[in-house]
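Everything on this sheet refers to the single structure shown next.
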Amino acid sequence: MPHRTLAPVFAGLRVGLHVLFAALLALVVVRVLVTGGSALALVLSGVLGAVYLAGLGVARSRRRAAAIAWVAVLTAVWAALVWLVPEAAYLVFPLFFLYLHVLPGVAGPLAVLGTTALTIAAFAVHGGLTVGGVVGPLVGAGVALLIGLGYAALDRRAAEREALMAELLATRDRLAAAEREQGVLAERARLAREIHDTVAQGLSSIQMLLHAAERADADSPGLVHVRLARETAADGLAETRRFIRELTPPRLDSGLGPALERLGREWSAREGISVEIATDDDAELPMDAQTALLRIAQGALANVAQHSGAAHAGIHLTRDGEGVRLRISDDGRGFDPRLAEDAAAHTDSFGLRAMRERVEQLDGRLDVEGALGAGASITVILPGSAS
């Protein structure tokens, strides 16, 4: 929970209110004892103090109905006491702040006005209607209203400050995640270049040399081994080039939709599997989200090619009420999503787990659907705030 910089101020005001109530109640008790007041006044004073103490936890809780009931009981006991001891009227001042803090909307100010009128009436009963008996409660009510409104404004400002701080922290985290993602992309691009310039070139040279050896000595007894070595080098070169393609995503300069269309066309031509591609031009996303979705699409299509045995696949990018939705589906042999998730969690498999981690970094959701013999689909939903 964010730290509230004004929390000490609010805590000090609450403590001051409790001390004021205790001091005024003590004044009432002393007044009753000195003047030889009725035992009922002492009993009501004790009840008022007990009710006040019992309700402090209720006032701080979120149970609005219980807090309102507590204030009503407290007011009723105070109203009975004020008719017996005129000094009890001074307790109305801390009650003003309770009304403004606990009661919702205009109920707080109305309660202040009602108890002010009751206080003036009590003063009139005990000592007659005087200027001090009228002006004093009215001034107290006005001061309480001004302080209460100021407190409410301060509390709102503190809440707005907290919300702004939380938003800034979230933005900082998103920027840090984006920087990490850019670092990862740069490193992957570097690895792709290094693999292309070293391993791929080496395998290509080995393949060419072995092919030349086949042609130069076609009758050699070891020709079968040379041919096997050449074919193994060719397979290794093809696999290496696939790694390079996966490390280097299609360019995103023209947006995610065109990049997905290029990816689908190139993948379909390479794998011989027809791909239905449908993208929404309105599905605009920041670069880190576009990169993540493109990576997920690459990984999903790689899984389709390696494991599904599908004849058709689909890439659909749309925007709906939930946000931006990317769905990659196929009509292959399918799988049980729960078993796949368990396997990813307990092995070194980085397919579904990597996809889910990417989506969670963007506050999105990943849904995996499938059934044996009925194809499979992966759906990524990013919230509208990501766009």
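Values quoted throughout were computed directly from the atomic coordinates according to the rules given, and no laboratory measurement underlies them. Note that the coordinates shown come from a computational prediction; the quantities given were computed from them, not determined experimentally. Cβ atoms come from the backbone with ideal geometry, glycine included; neighbour counts cover every protein chain shown.
Test of understanding: in a Gaussian network model of the chain with alpha carbons linked when under 10 Å, which of Gly332, Gly46, Gly183 would top the mean-square fluctuation ranking?
Gly46
Quick one: putting +1 on the C-beta of Lys and Arg, -1 on the C-beta of Asp and Glu, what dipole do you get for the chain around its Cα centre, in Debye to the nearest 20?
Here the size comes out at about 1880 debye.
If you put +1 on each Lys and Arg Cβ and -1 on each Asp and Glu Cβ, how big is the dipole of region 254-387 around its Cα centre, in Debye rounded to 20?
For region 254-387, the charge dipole is close to 280 debye.
Shape verdict for region 254-387, please, from the Cα gyration tensor: rounded (a/c under 1.5), prolate (a/b greater than b/c) or oblate.
On the way: a/c = 1.78, a/b = 1.19, b/c = 1.50.
It is oblate, given that a/c is not under 1.5 and a/b is not larger than b/c.
For region 24-144, what class follows from the C-alpha gyration tensor (a ≥ b ≥ c being the square roots of its eigenvalues): rounded when a/c is under 1.5, otherwise prolate if a/b is larger than b/c, else oblate?
Note, shape of region 24-144 comes out oblate.
Among Pro109, Ala26, Leu203, whose Cα projects farthest towards the positive end of the dipole of the chain, with charges put on the beta-carbon of Lys, Arg (+1) and Asp, Glu (-1)?
Most positive-ward Cα: Ala26.
How large is the helix-only mean residue ellipticity at 222 nm for the chain, computed as the sum of -39500 (n - 2.57) over DSSP H runs with n ≥ 4, divided by its residue count, in deg cm²/dmol to the nearest 500?
Values: 12 runs with 262 residues, N = 387.
For the chain, the value works out to -23500 deg cm²/dmol.
Which of [x] 4, 16, 17, 11, 9, 10, 10, 9, 6, 4, 2, 1, 0, 0; [y] 5, 19, 26, 25, 16, 5, 3, 2, 1, 0; [z] 5, 24, 34, 24, 10, 3, 1, 0 is the computed P(r) over Cα pairs in 10 Å bins from 0, in percent for the structure on display?
It is the value labelled [x].
When the chain is treated as a GNM, springs tying every alpha-carbon pair under 10 Å, which of Asp173, Asp219, Asp288 comes out with the largest mean-square fluctuation?
In this elastic network of the chain, the residue with the biggest mean-square fluctuation among Asp173, Asp219, Asp288 is Asp219.
Within the chain, which whole H helices from DSSP have a Cα span along their axis of at least 20 Å and a mean Kyte-Doolittle hydropathy of -0.5 or more, if any? Walk me through the intermediate numbers first.
Numbers: long enough: 7-35 (42 Å, 2.05); 39-60 (32 Å, 1.84); 64-82 (27 Å, 1.91); 107-127 (30 Å, 1.42); 131-195 (95 Å, 0.35); 201-216 (22 Å, 0.19); 223-247 (36 Å, -0.14); 256-271 (22 Å, -0.82); 287-303 (24 Å, 0.42).
Within the chain the helices that satisfy the rule are 7-35, 39-60, 64-82, 107-127, 131-195, 201-216, 223-247, 287-303.
Which whole-number percentage describes the relative contact order of the chain, with Cα contacts under 8 Å and a sequence gap of 6 or more?
Numbers: 415 pairs, mean separation 35.3, N = 387.
In percent, rounded to a whole number, it is 9.
For a label point 7 angstrom out from the Cα of Val143 toward its Cβ, which stretches of region 74-103 have the backbone nitrogen within less than 12 Å?
Answer for region 74-103: 93-94.
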